[in-house]
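Since the structure comes first, as structure tokens, the remarks are kept for the end.
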Amino acid sequence: MEAALNRLEARVLVYVMEHVPAAGGGRAVEVALDPEGPPAVFASAPLAPSPGAAVVFTLGRTGRRVVATLTDADPMVVGTLLARVERVAPFGDAVRILPFADPALAEAGRAGVALLPPSAGRWFPDLPDAIRFDAELVQVSMAAFLSPHELAEAQAHGPAALLAAFGRGERDLIRFGARPR
């Protein structure tokens, strides 16, 4: 369902679209995550340099954290996942490792999500770690979907190795499904 955005969400949408490698034709969508609560909202647009891929991001509706990723998966599936992640990880720690039980993640061979500052990788060079709109501060996180092994390593040893791999460009952010090892 097309989203009705409040002023802050509209500003976030425009700002992020201007600072990510998106082609034209993006849209914002509302999704009901639970029948009792307000709908969540995310946006997606085709990825300019990579046909078949998209940039997908939340608009900070549930906790002043924008969660962004690049993906080769269905943007509706990924956007709904990101909206759920935003809901359970509002504004806070710059780096968060979340185990995340979800059928779409499990089907793709993923078991969790790492929320990292965009400055930790090379995929969003123009997207800051936070955006200030007048008195509102919105945190920005890059989401990486983790394999069971990556999740276990990050939980056992902290996120330093994962951050280093992103910094060196060794981790593929776009690929949603886990590669066979």
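Expressed as a whole percent, the accessible area of the chain that falls on carbon and sulfur atoms is 56 (1.4 Å probe). Add +1 for every Lys or Arg and -1 for every Asp or Glu among the other residues with Cβ under 14 Å from the Cβ of Val55, and state the total. Counting the neighbours of Val55, the net charge comes to -3. With K and R counted +1 and D and E -1, the other residues having a Cβ less than 13 Å from that of Leu137 yield a net charge of +1. Around the Cα centre of the chain, unit charges on the Cβ atoms of Lys, Arg, Asp and Glu (plus for the first two, minus for the last two) sum to a dipole of about 280 debye. Summarising the amide proton neighbourhood of Gly109: residues at separation of 5 or more, or on other chains, whose placed amide H is nearer than 5 Å comprise Ala178. The residue list Ala89, Ala10, Val41 was ranked by how far each Cα lies along the charge dipole of the chain toward its positive end, using unit charges on Cβ atoms, and Ala89 comes out on top.
The values are calculated or read from the model by the stated rules, or taken from the named source; none is laboratory data. Computed from a prediction, not measured in an experiment: that's the story for all the values here. A quick note on method: Cβ atoms are made from the backbone with ideal geometry, for glycine too, and the neighbour counts reach across all protein chains shown. Areas reflect the complete protein model, heavy atoms only, side chains present, ligands, DNA and RNA absent. Shrake-Rupley method; radii C 1.70, N 1.55, O 1.52, S 1.80 Å.
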